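In what follows, a single structure is set out as structure tokens and then discussed.
Laboratory data are not the source of any read-out in this text; all were calculated from the coordinates shown. Model, not experiment: these values are computed from the prediction. So basically every Cβ, Gly included, is an ideal-geometry build from the backbone, and we count neighbours across all protein chains shown.
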Amino acid sequence: MDFWCAAAPRRDAPYCAPGAPRVASASPCRAASGLLVESKRARFGLGAEKRLASKADFERLLREGARRNRSGYIFFTSTRAGGPPRLGILISRKHAAKATVRNRIKRCIREAFRLQQADLGPMDVLVRPPFGARPGVAMLGRLRALFAELGR
């Protein structure tokens, strides 16, 4: 029996080969051909376990965390007993009027954290960028240096 791939669809053929093993997050065609194996978790990923998500965590860091002001960036930090470092970002319309600029600033902060997370250890970090910050390569380099300084 034939099966079709998304690259060359056929209406009369089933989408996957019968009896093909189901693999999480795999294309049906690659799973059917047996070319896929389960992937390992990304070493420098930024999954849900590495993000501050709850309002209580943000408020706890703002109230009880150690406040450090470096190059206009305000870092609220707190150490934990164990686990990966977690990141929270505090940015408003006062920082940048356009949502696209705010999103680029957040991307720079997340990328710098992602690259420096191995140096931080088990801590929670809440970052507030300076008003009028411009996203770009310079911001990313500066943030990487600041995160490395926090890890010491």
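Here are the numbers:
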| item | result |
| --- | --- |
| Length released on extending from ASP119 to ILE74, taking residue separation times 0.36 nm less the Cα-Cα span | 14.3 nm |
| Using a Förster distance of 30 Å, the FRET efficiency for GLU111-ALA81 (Cβ separation, nearest 0.05) | 0.65 |
| LYS98-ALA148 pseudo-label distance in nm [points 7 Å out on the Cα-to-Cβ vector] | 3.1 nm |
| Percent RCO, i.e. relative contact order, over the stretch 41-130, from Cα pairs under 8 Å lying at least 6 residues apart | 40 percent |
